[in-house]
Amino acid sequence: MGVKIRNRVEKKASFLYVCIYFKRVLCVNHNPFNFRYGLSAMKTTATLLVQICLLLLVAVPAGYASQDNARAVKIISDLKHGGGCVGDYHALLVGINNYKDPGIPDLDTPVSDVNEMEILLKNKYGFKVTRLINQSASKKGIYDALRTLVSKAKPEDSVLIYFAGHGDYDRLTDGGWWIPWDARQGDSFSYLDNVLTQKLIASMKARHVLLISDSCYSGTLFGKARALPPVITDKYYLELFNEKSRWGMTSGNFTPVSDSGTGGHSIFAYQLLKALKKNSKPYLSTQELYTGFARIVANNSDQTPMCRPIKGTGDQGGEFVFIMAGGPGPEPDIPAPPAAKTGSWLSVEANVAGADVLVDGRFVGKAPLRDYEIAPGDHRITVTSQGYSNYERTYTFRSGRSRDVNVLLAEARPVNGSLAVDTFPEDAVVKIMNIREKYHRGIELAPGKYHVRVLASGYDPQSLWTEVGQGEDKTIAVNLEKTAVTPPVSQKPVAPPQSAALRTPEPGDTWIEPVTGMEFVWVPGGCFDMGDTFGDGDSDEKPVHEVCVGGFWMGKYEVTQAQYRKVTGSSPSRFKGEGRPVENVSWHDAQGFINKLKQQTGKRFSLPTEAQWEYAARERGRKVRFGTGKDTIGPGEANFDARSKYKESYSRSGTYRKETVNVGSFSPNSLGLYDMSGNVWEWCQDAYDENAYSKHSRNNPVITSGSFRVLRGGSWYNLPGACVVPDRGGGGPSERFNRYGFRLVLPGHK
């Protein structure tokens, strides 16, 4: 085969030589560009001869006729790194764990996937790697890195692009997006469109491009598949390598992708890395790699991996071929480890080239370190590099044995500072509004600006911003001023509408609204102690005071997306699902829904007052911590952030779902009400007032004056402390978040 290729090339060279000779002898103008585009000054004979030469060149196989194309690899032994035939192998690895917008759920595995992929590609397959993680993986950062590959990769090079993060699907255009670090939840203009990615890949001069996307909805990139041959030979690899290719591999088609797998990796990344590690063949094609693990991913998850050419990018029938570093054939001579049986040897690989390696605190070399002789016994191995956290671990070395240590150095995080707030009065409550954790004196905070709110009963609240520097232990003082307490305004009890034709509802009665199918539960009236009855809440939950409410019908569930669409014709929710609660709705949106429902039914629906909501969540005012009817909560009883690092004495750790679930997924409280704690925050009728409990009337209180509106119950995004029944939240009436929803009440008789 190699001889035939050489003869063909020699004939092509001979034809070219003859043509150039006639051109030089007969052309009036010796400008070489004239030969390519034609000469007006050329004599007829010369023109004819040149045309004959061109016809002869055309007769040569197209794969060898253009000097602009990447050079063809002639024999299989040329498929190796460093031989000058295969060009450079470039890899762009993108991984995003933590998104800038808190509305976009964070992920657990992408950075770990990228770190291990970097070591593997560098050391085993000879790649030059560029890595973008978290903040560096902004929309501009990814776009600029792709453009750099467009300009940098040569025709003989190969390019691998790996993305691990969120993706989204555009139902309007049947397209897809990658979600970069700085994306804004729900704003498609801040996403990276697959069409742009395809355009950049199509513009790359590289011979081969392989895009691997561990992200949902990446299947919109792909064209039609090609099958593996029944027998794989050296000829197969040569033909794949010599033809241009633009291929993609994805963890899922149009299905959401799992972020949890084995060993700190996603299911897809774990199997991909495992297949690349286990490979012992000098060459590995894209489809060989894929078929080796895709079925395992599909059998152990709901994902449907895909591997196909990328449509519209200039694929010409080739395929990306992984080549083992060093390739087949003779390897350079490497001195063997000392033969003495009393020694041991250490080799260190790290994702940061040139990292310092220390043994028992003594510098012994830089990574990658090969066969460093070390005395048998226990030794402390330290790997360190500026800008990265140190790796340190003690290993046992046995006589006559070698130990390989693979190290993933994590980028060093900024040194945190701390914040303490001295207040007057001393028992004032301090809240930091732009973090999720509860404030405590000396709380550890990452460098940045923080919104501090201080409030106490009988004092005007204060809000301020303060900045905590790197490693700074900061203390600020906030003195509150006393405020005159407005005497409560006496209100008459609101009597439920009466009808002689209707019997008085009884506990346990339910009613189904016929237009939407919403179910309502009868909540008998009564009196209860409203506020922080457990004594561990915030000052806006004080003072505890007796409140009486009349009987009312309350929605058994939060209003669903199907019900919202039935009334308004639309669903603004981020997490789609007809049985899920509608979210991304403002207080004004909820009022618009109620007004339309009133017009369609003639019923006096409303949002619950804050007193009604707490009375119902507490099962007619019982002293109970959660709307489930229990004093403790776990992820099997409500939808909230149950990660172990946020565990409280009254909560159990476990699953953090990172999104809403269908209403009614958990058990109800004793009144038959579902999701009174967690899933989505629920708008109430009241205006938010930090001192509302000092202004409440005893009977059916409601606060009407204020710029904000009350939210109760916590959500899927919140920690257990925000899901306790007394906790009060507030938001602007026009604010929309994927954590805000609502349920309805109907006063008195229907």
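The table below lists the values:
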| quantity | calculated |
| --- | --- |
| Computed E for E506/R622 - FRET, C-beta separation, R0 22 angstrom, nearest 0.05 | 0.70 |
| Segment 353-405 - accessible surface per residue (Å², probe 1.4 Å) | 61 |
| Stretch gain in nm, segment D371-V515, where the contour uses 0.36 nm per residue and the Cα spacing is subtracted | 44.2 nm |
| Label-to-label distance, nm, for residues given as A410 and V364 (7 Å Cα→Cβ offset) | 2.6 |
| Residues whose placed amide H lies under 5 Å from that of A350, excluding near-sequence neighbours | V407 |
| Placed amide H near Y388: partners under 5 Å, 5+ positions off or other chain | A412 |
| Accessible area of segment 527-618 divided out per residue, in Å², using a probe of 1.4 angstrom | 33 |
| At R0 = 35 Å, FRET efficiency that the Cβ-Cβ distance of L464 and S644 yields, to 0.05 | 0.60 |
| Segment 494-606: mean projected area of Cα convex hull, nm² | 9.5 |
| Filter on K100/K140; K199/K274; K438/K695; K100/K139; K139/K199 - keep pairs with C-alpha separation over 20 Å | K199/K274; K438/K695 |
| Residue-span extension gain [K235 to S77] - 0.36 nm each, minus C-alpha spacing | 55.7 nm |
| Intensity falloff of segment 68-128 expressed as log10 I(q)/I(0), Debye formula with alpha-carbon point scatterers, at q = 0.18, 0.19, 0.24, 0.25 Å⁻¹ | -0.74, -0.78, -0.99, -1.02 |
| In sequence order, calculated HN-Hα J values of segment 527-538 (Karplus, 6.51, -1.76, 1.60; Hz; x Gly/Pro) | 10, 7, 8, 9, x, 7, 6, 8, x, 10, x, 8 |
| Rounded percent of accessible protein surface that carbon and sulfur make up, segment 109-158, 1.4 Å probe | 51 |
| Rounded to whole Hz, the Karplus (6.51, -1.76, 1.60) HN-Hα couplings of segment 386-400, x for glycine and proline | 4, x, 10, 6, 5, 9, 8, 7, 9, 10, 9, 10, 9, 4, x |
| Whole-percent pair-distance distribution, where bins are 10 Å wide, for the alpha carbons of segment 383-463 | 14, 29, 19, 14, 13, 8, 4, 1 |
| Under-5 Å amide H pairs with T130, H placed in peptide plane, nonlocal only | A91, L92, L93 |
| Pairs of alpha carbons in segment 669-750 whose separation is greater than 16 Å (percent) | 57 |
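The values are calculated or read from the model by the stated rules, or taken from the named source; none is laboratory data. Owing to the predicted nature of the structure, the values given are computational and were not obtained by experimental measurement. Note: ideal-geometry Cβ built from the backbone for every residue, glycine included; neighbour counts use all protein chains shown. All accessible areas refer to the heavy atoms of the entire protein, side chains included, with ligands and DNA or RNA removed. Shrake-Rupley method; radii C 1.70, N 1.55, O 1.52, S 1.80 Å.
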